[in-house]
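Only one structure is covered here, and it is reproduced in the block below.
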Amino acid sequence: MIQEALLTWRYIDTESNLIMPWYAKSCLEWLKQQDLKSWHVFEYGAGYSTIWWRLNSGLTKSIEHNDSWAKAMGAESHPDQENYVKSTKAGEFYDCIIVDGEWREECVVFARNYVKHGGYLIFDNYGQPEFTPVEIIDALLQGWEKQVFRQYNHTNWSTAVFKRP
């Protein structure tokens, strides 16, 4: 079950009492329907989502560009773009890769090759003007099934989930 938190547009997972990832609520509802315990997850951009993913998935690896925030969240720190973007390693494939940090377009270009077939790439803030335009993300993930989850009380906030064929 999902409950509103006392933080703007944030939700609590009532099963764990943890703050949920800062994605659109409809995406959180979709996630709660998935069998996450078997998922191997890679996350660009660490935060409260990192803690939630670690509790709810089989394996979570998180990368953060801000060193002090990375330490606070127990994530790897890569303040330079190249090492941050290329943090996934050859031979590592994930059920889900989340792009919710720095250098988003570059992360999608690199990470799309490390999502398992039938796995997901979650792109938060999809369509928000200050982030990579949707036309670019859609072109990079052409042929992937796309589902866009909109936040009901926020006019331009969406979380997109792309499923690799």
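Miscellaneous remarks
- In this structure, K163 and S68 have a Cβ-Cβ separation that, at R0 = 45 Å, corresponds to a calculated FRET efficiency of about 0.85.
- Mean Cα-pair separation over length for the range 68-164, i.e. relative contact order, pairs under 8 Å, 6 or more apart, %: 25
- Using the rule -39500 (n - 2.57) for each DSSP H run of four or more residues, divided by the residues of the chain, the 222 nm mean residue ellipticity is -7000 deg cm²/dmol.
- Prolate/oblate/rounded label for the range 122-162 (Cα gyration tensor, a/c 1.5): oblate
- Radius of gyration (Cα atoms) of the range 70-165, expressed as a multiple of 2.2 N^0.38 Å: 1.09.
- Taking every alpha-carbon pair under 8 Å whose residues sit at least 6 apart, the chain reaches a relative contact order of 19 percent.
- Portion, in percent, of the accessible area of the range 1-101 that falls on carbon or sulfur, probe 1.4 Å: 53
- Remark: the L140-Y152 segment gains 1.6 nm on full extension, using 0.36 nm per residue and subtracting the alpha carbon distance.
- Between the alpha-carbon centres of the range 53-67 and the range 128-158 there is a gap of 22 Å.
- Based on protein heavy atoms only, the range 18-134 ends up with 43 Å² per residue of surface accessible to a 1.4 Å probe.
The values are calculated or read from the model by the stated rules, or taken from the named source; none is laboratory data. Worth saying up front: this structure is predicted, and the values here are computed from it rather than measured. Cβ coordinates were reconstructed from backbone atoms using ideal geometry, including for glycine residues, and neighbour counts include every protein chain displayed. Remember, those area values only see protein heavy atoms, side chains included, never the ligands or the DNA or RNA. Shrake-Rupley method; radii C 1.70, N 1.55, O 1.52, S 1.80 Å.
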